[in-house]
Each structure stands twice: as C-alpha cells, then as structure tokens.
Amino acid sequence: MLPPARRGRRLALPALLSLLTCSLAFALVSEDVKKEARQSKNLEKSDISKKNDIDLKEIVFVIQSQSNSFHVKKAEQLKQSILKQSTDLTQEMPTVLLLHQLAQQEGAWTILPLLPHFSVTYSRNSSWIFFCEEDTRIQIVQLLETLRRYDPSKEWFLGKALHDEESTIIHHYAFSENPTVFKYPDLAAGWALSIPLVNKLTKRLKSESLKSDFTIDLKHEIALYIWDGGDGLPLTPVPEFCTDIVGSSCATSFQSSLPLCGNPVKKEDIFVAVKTCKKFHGDRIPIVKQTWAGQAGHLEYYSDYADNSIPTVDLGIPNTDRGHCGKTFAILERFLNHSHDKIPWLVIVDDDTLISISRLRHLLSCYDTREPVFLGERYGYGLGTGGYSYVTGGGGMVFSKEAIRRLLASKCRCYSNDAPDDMVLGMCFSGLGIPVTHSPLFHQRVDAVPVQHEDGMQKHVQNETVFDLHPCMRDQVEAVPSPDRLLC
C-alpha cells in the first residue's frame, strides 16, 4: 500500500493532466486569436494600399545632385538604379530628375524655389514628389508599399523624423524651451511631399517671398517653412525611410562612408594655408602643430606679424576683428604666383580649424583638378531673392588651382579688407558661374555636428568631443580648449 503522500500525488495526476490540457487549449485559442488579429491588421493594411493604390509613374523622383562631374556620376548611377528596378516591375517609368539640371537659379538646392515648377509641371498626373540625396539607396517595391499607406489626395509631409536634444545656434535656438517637440526630416533617408501640399506651398510662395536671409541647415529650414508657425503641416514620421538598414521593411538607406575613388591624393599635392594673427600665436598654433599639421605636405601660417619661431608669413594685411577678405585674397595671390606650379589644391583654414589631412586626401581623389572646384560646407545668402551660395570659412575652404586662376583673372575683389571672405568668395564664384560643391564632411562648428541616435534624436556635439575626426586624432583633440571648427 502506498504511503499517504504517494497516494495524494497519484490522485492529483488526472487533475494535473486536465489542467495541462486546458492550458494547451487556451494557448492554441490565444494563438489563433493573435493570428486572426495579425491577419485582420494585414487585411486592413491591404485595404488601405488598395484604396491608395499608386503606380510608379505617379512618383516624381528628385535627386539632390550637384553639377561637379563626380557628383553628376553618382546621381546618374542612382537614376539608373531607380529606372532598372522600375523596368523589373514591368511598370511605366517614373520621372527621375537631377536637381542641378532643373534650373540655373542659384538657390535651386534649397528646394522651395522649385515648388512652383513642380506644381505646374506635375500636379495633373502625379501624386508624390520624392526627394533623395545622391547617396540614398532606394528599394522601389518597399517605397511603393510605404507610400500607398497615405492618401495622396491629402496634404502629406513624410520623412525620417529627427529632433534636437538641446537648442542650438545653427537652428537659431528655435524651440529653446523644448527642442524635442519639433520634428524635421533626415534628407539622407529621403522625404516626400504629396502634390496637394506642393500646390498649397506654391500658392504661399507666390503670395509672399521667402523671408530667411541665410540658409544654414536646409532640412530644419524646410520643415519650419512647411510648419508655418503652427498654421501649416508637421512632419509625419515614416519608419521605412531609413539611413541605416534596420530590417527588411526599409524602403531607403544611406551610404555615409568616405568616398573612395582610387589612390588618395599625395600630401605634396595639397597646400594648406592657416590664417592666424599675433594674439593667437601662443595658444592656437601649438594646438595645430600637436594635432594635424604633421600630416600636411606643404603648410604655411599667414599672420599680421612675422614670427620666426613658428614661422609665420606677414602678408602686410592688418588683422581685423570682423572678416578677413584682404588676407584671404592675399593668400590666393601668393599661392597662384609664388607656390610650386605642380600643386593642384589649396586649402584655407583658420587657426582653430581641426582637419584630418588623411581623410581629405581620400576625398580629393574623387575630384578632377582640371575643373574649377570650390569645395566645403555650403551655406546660402538671400537665395530666395537672387542671392548666392558660399562655403562657410570656419570649416575650411578647398580650391582647385583652376578655380583660383579664374577667380583672380576676374575683377571681383574685396570691397574692404575686413569684409567676410567666405561670402565675398561665394559672390565672386557665383558671378563666374562656378558653383559651390557641398560636402557633408565639412563642419563650421564642432557643436553643430549632428550625431543621430536610434530614436531619431540629434545631439549637436559639444566642444569636448569630436566624433567625425579620423579616429587617430581623437585622443589628441581632447587637449584642445574649446575648438569650434572642424573638417572631418
């Protein structure tokens, strides 16, 4: 006879089996319910897609291209990728536009001046204008499925949402009380405007001119214009618009690595001119020498005082507290007339610019020295009313010798020694028909370099950390007391 405890266990066995059977049945029913819910959700999505069914021919792709031959080639490659994917789907071809071919006006790259053209030309037969950069990668099937979720008869501003973690100078300290509330698109992931919104913005542009004097951070300024102080439209976040590929659902991604176009330019083919003045000889020049100066093949320091211990070159131009146009043009003249004829590149930086020469050598391998190249971080002034683009000087300005030759052959010069050199150069090159070539690898301020978090937040890096410098320089930069310029 079994002990009482053993009998109890034996008697409990049928009850336990019954309990397990019920649990299993409940789990199966729960799984069926979940499955039905997923199917219902998928059917709902499918119904939305059918209701908003669009063909590729209803999408106008605008590649934000540049006229420099290197950038034209990259934009053409993206265009061919879009068209090939469209052919594989056996659909009618979409319209694919290269931005630099759309208009001769200086401010076309700021997008807003082109909206009236898009409204007149494409509003009848199109549903969407989709903008992307030349390094954006697009999966056409996923993009179609994504856009079909949104009713094209309504106003939509779609993109990968970014927001500031803290107020920043390049955004004019907008939304300083809570910067996270304002969303703006990551242009690299692609962004889209529905035709009804394009038409609405066109009416506004016709009734009132663009107000901003300066264009500094295009993505933020476009979002501000569309938001219109709360009377317009906020950005609708689209998780399928990606920069990093985070899953099979991504309709876009972005290649952000340093471009490689063959062997790096020899360091002897780059002449570096550092602008300084006597009062900074003791604190800034030692930092330049401790960090990046050793990477340069040719480098000179240009000042208002000849100091043989550095050494510096006195250009005979008095130092000014405002712009440095006289000094910069004196450097251009000296490079063209007194440097070695075989040096094809000139880089002009300030004495508080941080630069990776090794990364610059890789970048410049992509550009043709026979072309007039004026390269750096592009800003704009008065572009809504016939202004000009310019390379902001703090992040470094790169010139091909051909660009300098054409500039100095013209009569365009400083209106005063203390004029802003970067803006005068932009005005001069614009008059010569030589466009600014923009690279996102140049930055005017360390605290304006955006670092994106997974949640879409952008933190503008503070002075003590420089994320975009070549890794071998980061330890050295920790010793820099408040650097505020960067070429990464």
Checklist line | Residues (within 18 Å of the chain's Cα centre (by Cα) and acidic (Asp, Glu)) located in the range 205-240 | finding: ASP217, GLU221
Margin query: Cβ-Cβ distance below 9 Å, separation of 6 or more or different chains: which pairs start in the range 91-109 with a residue that is within 21 Å of SER127 (Cβ to Cβ) and modelled with pLDDT under 95 and end on one that is hydroxyl-bearing (Ser, Thr, Tyr) and open to solvent by 60 Å² or more (accessible area, probe 1.4 Å)?
Written below: MET93/THR87
Checklist line | Filtered residues of the range 267-294 (kept if open to solvent by 50 Å² or more (accessible area, probe 1.4 Å) and polar (S, T, N, Q)) | finding: GLN290
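Go through the range 162-180 and give me each residue that's on the phi < 0 side of the Ramachandran plot and either open to solvent by less than 20 Å² (accessible area, probe 1.4 Å) or in contact with a helix residue (DSSP H, G or I) (Cβ under 9 Å, 6 or more places away or on another chain) (or both).
Passing the criteria: LEU162, HIS163, ASP164, GLU165, GLU166, SER167, THR168, ILE169, ILE170, HIS171, ALA174, PRO179.
Here is a check on your reading of the model: is LEU425 at pLDDT 55 or above and either under 30 Å from GLU165 (Cβ atoms) or surrounded by fewer than 20 Cβ atoms within 10 Å (Cβ to Cβ) (or both)?
Spelling it out, it is not the case that LEU425 is at pLDDT 55 or above and either under 30 Å from GLU165 (Cβ atoms) or surrounded by fewer than 20 Cβ atoms within 10 Å (Cβ to Cβ) (or both).
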Next item on the list: Could you tell me which numbered condition VAL313 fails, if it satisfies all but one of (1) open to solvent by less than 50 Å² (accessible area, probe 1.4 Å); (2) within 30 Å of the chain's Cα centre (by Cα)?
Entry: (2)
Note to self: Looking at the range 338-351 only, could you name the residues that are assigned to a loop (DSSP other than H, G, I, E, B), modelled with pLDDT of 95 or more and of a type outside the set (D, E, K, R)?
What the structure shows: ILE343, PRO344
Note to self: For the range 237-251, give me each residue that is farther than 21 Å from HIS163 by Cβ and out of contact with any Ser or Thr (no Cβ under 8 Å at 6 or more places or on another chain).
What the structure shows: GLY247, SER248, SER249
Next item on the list: Within the range 295-310, work out how many residues are open to solvent by 30 Å² or more (accessible area, probe 1.4 Å), in a loop (DSSP other than H, G, I, E, B) and under 25 Å from VAL391 (Cα atoms).
Entry: 2
Check: Give me the pairs: first residue in the range 228-257 and free of Cβ contacts under 8 Å to residues at least 60 places away in the same chain, second residue surrounded by 14 or more Cβ atoms within 10 Å (Cβ to Cβ), beta-carbon distance under 6 Å, and six or more apart or on different chains, which are they?
Finding: GLY232/ILE226; ILE245/SER253
Check: Within the range 98-142, which residues are open to solvent by 40 Å² or more (accessible area, probe 1.4 Å) and either of a type in the set (Val, Ile, Thr) or over 16 Å from GLU76 (Cα atoms) (or both)?
Finding: GLN104, GLN105, GLU106, HIS117, VAL120, THR121, SER123, ARG124, ASN125, GLN139, VAL141, GLN142
Margin query: Among the residues that make up the range 217-224, is at least one of them among the basic types (Lys, Arg) and open to solvent by 70 Å² or more (accessible area, probe 1.4 Å)?
Written below: no
Notebook entry, point to check: Can you tell me which residues in the range 48-97 are open to solvent by 40 Å² or more (accessible area, probe 1.4 Å), closer than 16 Å to ILE195 by Cβ and aliphatic (A, V, I, L, M)?
Noted result: none
Next item on the list: Check LEU383, LEU363, LEU354 and return the single one that is more than 19 Å from the chain's Cα centre (by Cα) and of a type outside the set (D, E, K, R).
Entry: LEU354
Item checked: Entirely in the range 362-426, the strands (runs of 3 or more DSSP E) that have 2 or more residues that are touching a Leu at 6+ places or on another chain (Cβ under 6 Å) and on the phi < 0 side of the Ramachandran plot -> 397-400
Notebook entry, point to check: On the given criteria, is VAL181 of a type in the set (Val, Ile, Thr) and under 27 Å from SER249 (Cα atoms)?
Noted result: yes
Margin query: Filter the range 143-161 down to the residues that are surrounded by 15 or more Cβ atoms within 10 Å (Cβ to Cβ) and polar (S, T, N, Q) and list them by number.
Written below: THR146
Notebook entry, point to check: Name the pairs: first residue in the range 275-291 and assigned to a helix (DSSP H, G or I), second residue open to solvent by 80 Å² or more (accessible area, probe 1.4 Å), Cβ to Cβ under 7 Å, at least 6 apart or on different chains?
Noted result: LYS278/TYR305
Notebook entry, point to check: From the residues in the range 187-216 that are among the basic types (Lys, Arg) and in a helix (DSSP H, G or I), which one is least open to solvent (accessible area, probe 1.4 Å)?
Noted result: ARG204
Check: So is PHE335 crowded, with 20+ Cβ neighbours inside 10 Å, outside any loop (DSSP other than H, G, I, E, B) and touching a Cys at 6+ places or on another chain (Cβ under 7 Å) or not?
Finding: no
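The values are calculated or read from the model by the stated rules, or taken from the named source; none is laboratory data. All values derive from a computational prediction rather than experimental measurement. Quick reminder, even Gly has a Cβ in these numbers, built from the backbone with ideal geometry, and neighbours come from all protein chains shown. Please note that ligands, DNA and RNA were not included when accessible areas were found on the heavy atoms of the full protein model with its side chains. Shrake-Rupley method; radii C 1.70, N 1.55, O 1.52, S 1.80 Å.
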